Amino acid sequence: MRTLRCAVLALGLAASAGLFAQPAREGAAASARPGAALPPVTVTAPLRDPVQKSYRKMIRGMDLFERRHALAPQATLRFKLLPRKSTTDMRNIDLYIVGSTVDQQVPVAADQTFTLPRIPKALEEDAVVTPPARKAQTMTWRTEIRSPGMPPGTRRLGDLRLECLVGMEADLVSGANNLLARFAHLFSDPVAYCGQKQSRYLFFAERPVFSVTLVAGNRREVLPVDRLYAEASDDPGLKATLPVCDCEVLLDRTYFLPLGDASWPDDTRVEYEFMEDGDAPPAR
């Protein structure tokens, strides 16, 4: 990973080597003095294979948000970090934009969301967005686009349509999700992918879901179970594929939506019935 942190570490190591070499040049007698032991030095190496995303692609996602803002005219865009492992600690995340000369911290809110500043130099240097102390495959990324005034436990379909578009353009989906792999030929065109009636873009609810219902006027439709839990009920190989899905520890929060079904307007309300403690997902 091209980071300033690597450069700083290298300079630190070089400086330490120079300091330790100096007493040797002054003679062995100095090092033999009683009580002249050198103080211990701890060097922390940069993490190999950290979590990271392309800054350029995330900025392209922001540009697409502006172009398609009519889908959610009152909403704002934030990015969101989510856990992929049960051991992932989502507290106190240090996030940076890092290029060959750019090294800027990005504040992360308590709900693990953040916004990105536009930095021309970071674009020029093809920078990455990274929590450098977190290892790859321990987190995943999504967009957070919410119109104000929605009742608790609900979302707006137009907001979620735009989340898919921006998320695909920004290349936020982590891992080789077998569900998305079926549509790999559409990855270069987020509009085409998110326009599919049976799009497999994984959304994550705030809590484990028991059911998800679409409501538009007098029309109500409960999503079938095979649109929940990342199609786990239809995947006999789930145990083998789950580790490469960014839903690995959030399976009970996942759902798909008929994003490309124009019969559901953008103002459609998506209502969640959340599981209570001890509930199990409904049988198919």
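Taking (1) modelled with pLDDT under 95; (2) open to solvent by 50 Å² or more (accessible area, probe 1.4 Å); (3) polar (S, T, N, Q) in turn, residue 115 satisfies each apart from (1).
Evaluation of residue 263 against the conditions (1) at pLDDT 95 or above; (2) open to solvent by less than 50 Å² (accessible area, probe 1.4 Å) shows that the sole unmet condition is (2). Of the residues 191, 166, the single one that is at pLDDT below 95 and outside any loop (DSSP other than H, G, I, E, B) is 191.
Restricting attention to segment 164-173, the residues that are touching a Ser or Thr at 6+ places or on another chain (Cβ under 9 Å), open to solvent by 10 Å² or more (accessible area, probe 1.4 Å) and not hydrophobic (A, V, I, L, M, F, W, C) total 1.
Would a scan of segment 80-103 turn up a residue that is surrounded by fewer than 20 Cβ atoms within 10 Å (Cβ to Cβ), on the phi > 0 side of the Ramachandran plot and modelled with pLDDT of 95 or more? No, segment 80-103 has no match at all. Residue check: is residue 154 closer than 17 Å to residue 169 by Cα, open to solvent by less than 50 Å² (accessible area, probe 1.4 Å) and in contact with a strand residue (DSSP E or B) (Cβ under 7 Å, 6 or more places away or on another chain)? So residue 154 does not fit the description; no. At least 2 residues being touching a residue at least 24 places away in the same chain (Cβ under 8 Å) is the threshold, and among the strands (runs of 3 or more DSSP E) wholly inside segment 42-142 those reaching it are 76-83, 95-98, 128-130.
Before we move on, is residue 282 at pLDDT below 95, more than 21 Å from residue 154 (Cα to Cα) and not in a helix (DSSP H, G or I)? Outline the logic, then answer.
On the way: at pLDDT below 95: yes; more than 21 Å from residue 154 (Cα to Cα): no; not in a helix (DSSP H, G or I): yes.
Judged against the criteria, residue 282 is not a match.
The residue that is most open to solvent (accessible area, probe 1.4 Å), counting only those in segment 195-232 that are modelled with pLDDT of 95 or more, of a type in the set (Gly, Ala, Ser) and outside any strand (DSSP E or B), is 217.
The values are calculated or read from the model by the stated rules, or taken from the named source; none is laboratory data. This one's a predicted model, so the numbers in the text were calculated from it and none came from an experiment. We place every Cβ from the backbone using ideal geometry, glycine too, and count neighbours over all the protein chains shown. These accessible areas exclude ligands, DNA and RNA; they are computed on the full protein's heavy atoms, side chains included. Shrake-Rupley method; radii C 1.70, N 1.55, O 1.52, S 1.80 Å.
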